[in-house]
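A short worksheet on the structure shown next.
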Amino acid sequence: MLLSNAFVMVAIILIVNIVYVSLSTMRMILTLKGRRYMAAFVSMFEVIMYVLGLGLVLDNLNEIQNILAYAIGFGIGVVVGTKIEEKLALGYITVNVISSNPNIDFTRQLRDKGYGVTSWFAYGMEGDRLAMQILTPRKYELTLYETIKAIDPKAFIISYEPKQIHGGFWVKQVRKGRLFNNRNKVSEGGTPSATQRSIARPGNNRKL
């Protein structure tokens with residue numbers, strides 16, 4: 001009875017296709033990020049929604065509103081899937097920063113906040129520069145940008161997403177959930193560990 005109602009049919013097709021394309025978008029993003037098992041799990045629900053939505057449209061090809069609902073749901077699903085992935089913020093981001101003032105205690109301030117930093121001195125058209133490469137989970141990306149701008153509003157920033165990460169003390173601590181817990185302890189008045197102090201010198205060229 002419900003499926004005989006035109007408005008109900010349109011609503012069902014729209015919702016089903018939004019869910020289908022959202023799952024499809026997430027599955028593609030997870031595949032690109034190397035999360036193959038999670039992508040495979042999502043694909044099982046994706047194909048179910050695909051069969052349901054397409055079946056409803058093919059059974060009623062003479063109803064133009066159903067085809068329009070399918071197309072609109074497809075477009076909305078792409079946006080929804082992308083938004084969901086942004087909220088999940090999977091993976092890491094690498095940020096390259098160039099500061100025009102190498103005398104700023106830049107690296108220590110970032111490391112005290114829990115970010116992994118490799119720094120070195122560079123030379124630009126107008127003199128000495130402090131160059132840094134910073135690695136952070138994507139969920140802290142916006143916070144990192146705000147921190148950098150607060151330290152040096154004129155800093156030059158470039159960011160990209162690394163495809164593969166291997167080794168390094170920082171990644172190991174993040175995966176164990178320790179790094180940003182240590183940062184919170186330091187911000188509350190705790191004392192940084194010997195390892196943190198040893199890598200917190202500005203211009204230190206130690207690798208992640």
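The values are calculated or read from the model by the stated rules, or taken from the named source; none is laboratory data. Since we're looking at a predicted model, the values are computed, not measured. Cβ atoms come from the backbone with ideal geometry, glycine included; neighbour counts cover every protein chain shown.
Residues V78, V51, V47: which one is among the hydrophobic types (A, V, I, L, M, F, W, C), within 18 Å of V19 (Cβ to Cβ) and within 23 Å of the chain's Cα centre (by Cα)?
Unique residue meeting the criteria: V78.
When the residues of region 29-43 are narrowed to those that are among the aliphatic types (A, V, I, L, M), surrounded by fewer than 16 Cβ atoms within 10 Å (Cβ to Cβ) and under 16 Å from I84 (Cα atoms), which ends up modelled with the highest pLDDT?
Residue satisfying both the conditions and the ranking: M38.
Which of the strands (runs of 3 or more DSSP E) contained wholly in region 70-142 include at least 1 residues that are buried (at least 17 other Cβ atoms within 10 Å of the Cβ) and touching an Asp or Glu at 6+ places or on another chain (Cβ under 6 Å)?
Once the strands (runs of 3 or more DSSP E) in region 70-142 are filtered for at least 1 residues that are buried (at least 17 other Cβ atoms within 10 Å of the Cβ) and touching an Asp or Glu at 6+ places or on another chain (Cβ under 6 Å), what remains is 92-99.
Among the numbered criteria (1) exposed (fewer than 13 other Cβ atoms within 10 Å of the Cβ); (2) at pLDDT below 85; (3) under 27 Å from V8 (Cβ atoms), which one does V51 miss?
Tallying (1) exposed (fewer than 13 other Cβ atoms within 10 Å of the Cβ); (2) at pLDDT below 85; (3) under 27 Å from V8 (Cβ atoms), V51 fails exactly one: (2).
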